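The values are calculated or read from the model by the stated rules, or taken from the named source; none is laboratory data. Quick caveat, the model's predicted, so the values are computed rather than measured. Quick reminder, even Gly has a Cβ in these numbers, built from the backbone with ideal geometry, and neighbours come from all protein chains shown. Heavy atoms of the whole protein, side chains included, go into the accessibility calculation; ligands, DNA and RNA do not. Shrake-Rupley method; radii C 1.70, N 1.55, O 1.52, S 1.80 Å.
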Amino acid sequence: MSNKEILEAYRLFDRASSGDYRAKADMIESLTTSDFPQLLGRGFNTKLTAAYQALTPVWSQYSTRTTVHNFKPQTYKQLLGYNGLELVPEATEYPAGDFSETQYEFKVDKYGRRFGLTFEMIVNDELGAFRNIHNTLAQAARDLEGTVTADALLNGKRSDVNTDFFKAANGNAPESAALTRESLQSAIEVVSQKRDENGRPLARPNLVLVVPPALDFKAREIVNASEIRVTEGKTQVTSSNILAGAVTVVVDPNLMRSTHAKAADTWFLLPAPNTARPALVTAFMVGRETPDLRYQNDQGNRVGGGSIPADEGSFDDDTIQYRGRHIVGAAAIDPTFTFVSRG
């Protein structure tokens, strides 16, 4: 099947969805050919991929993208601490040193949904519900990625922050400070003093301030102001905002999926994506990194022999079945440059 045939099938469906009666008649006639649903399915998948790629996900602003080859638990390895370079006297053998290695586990899972297009839907003029199915499924795939990634910051029941990750043993136990200029500065100072496994000071990476929608304007007010004006007695003192540009604000609505009482006040300080020590990873399967939409051709065969046209529907329920699938996973891995406060 050529790309031209796929495009023509999709355009026919699109015109029929828009109310073109001639296109509807042509489409009903086309359904009697065995290859039309397959052409239409491929056209949908092309549109789905294009719509998916056009959507910019919020999670990519605070989680590092990676890929895996299967559904097994994966190991994310980092070469972290080292002893540094030592003075080497003349004619002396170089001292040996080793990197320390840290491992984190994560995995991907399979998500999906199927739906049926029937002959009755075409006759009853209900095609409008399917006209933008590629956009709907593309958005659903991006929403899924956002949910999975944000969930890595929360516990399994979404009833609190992820206390298996944010804990005293990791040096990032949850705090209880409201988001203010002072508390954000204090949090930045805390993560700026981190050391590696050998006690060597670490350079602070670029940071992102991840907040729910309720803290959107508060966060931007703190970070984007160029000047701070404070009244001392009867005198107004103006100074530059030392936090201007210190962090990038990321507003993620998925954080509001949390059911804990202070979800609207909880804020996170995380390293920017693709730094040496990423706090979160969002994983996709190699070769299956975008949503998949496919068609099921299972009309069966007549008892007396001969193929059955697709418009007769599936053997089980008389529908022409389409299925959407997306494979994704996320996990919190390196706690080094992280901070959370429940507000």
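Please list log₁₀ I(q)/I(0) at q = 0.14, 0.24, 0.25 Å⁻¹ for the stretch 166-236, using the Debye equation with identical point scatterers on the alpha-carbon positions.
For the stretch 166-236, the Cα-only Debye profile gives -0.62, -1.24, -1.29.
Please identify every one of the trypsin sites (Lys or Arg not before Pro) in the stretch 205-292 that sits in a loop by DSSP and has no more than 12 other beta carbons within 10 Å of its own beta carbon. Write out the running numbers ahead of the final one.
Values: sites: LYS218, ARG220, ARG229, LYS234, ARG257, LYS262, ARG288; in loops: LYS234, LYS262.
Loop-located and lightly packed - LYS234.
Any chance you could list P(r) for the stretch 281-343, counting all Cα-Cα pairs in 5 angstrom bins from zero, rounded to whole %?
Whole-percent P(r) values from 0 Å outward: 4, 13, 13, 11, 9, 9, 10, 8, 6, 4, 5, 4, 2, 2, 0.
What are the extents of the Cα atoms of the stretch 141-201 along their three principal axes, listed from largest to smallest and rounded to whole Å?
41, 31, 22
I need the Debye-formula profile for the stretch 106-234: one equal scatterer per C-alpha, no solvent, reported as log10 I(q)/I(0) at q = 0.09, 0.10, 0.11 1/Å, two decimals.
Here log10 of I(q) over I(0) equals -0.52, -0.61, -0.69.
Expressed as a fraction of 2.2 N^0.38 Å, the rule-of-thumb size for a compact globular protein of N residues, what is the C-alpha radius of gyration of the stretch 212-343?
Values: Rg = 26.9 Å, N = 132, 2.2 N^0.38 = 14.1 Å.
Ratio of Rg to 2.2 N^0.38 Å for the stretch 212-343: 1.91.
Going from most exposed to least, what order do LEU137, LEU85 have by accessible area with a 1.4 Å probe? Don't jump to the answer; show the numbers that get you there.
On the way: LEU137 40, LEU85 180 Å².
Listed by decreasing accessible area, they come as LEU85, LEU137.
Which order do ASP334, ASP160 take when ranked by solvent-accessible area (1.4 Å probe, heavy atoms of all protein chains), largest first? Don't jump to the answer; show the numbers that get you there.
Working: ASP334 0, ASP160 35 Å².
Descending order: ASP160, ASP334.
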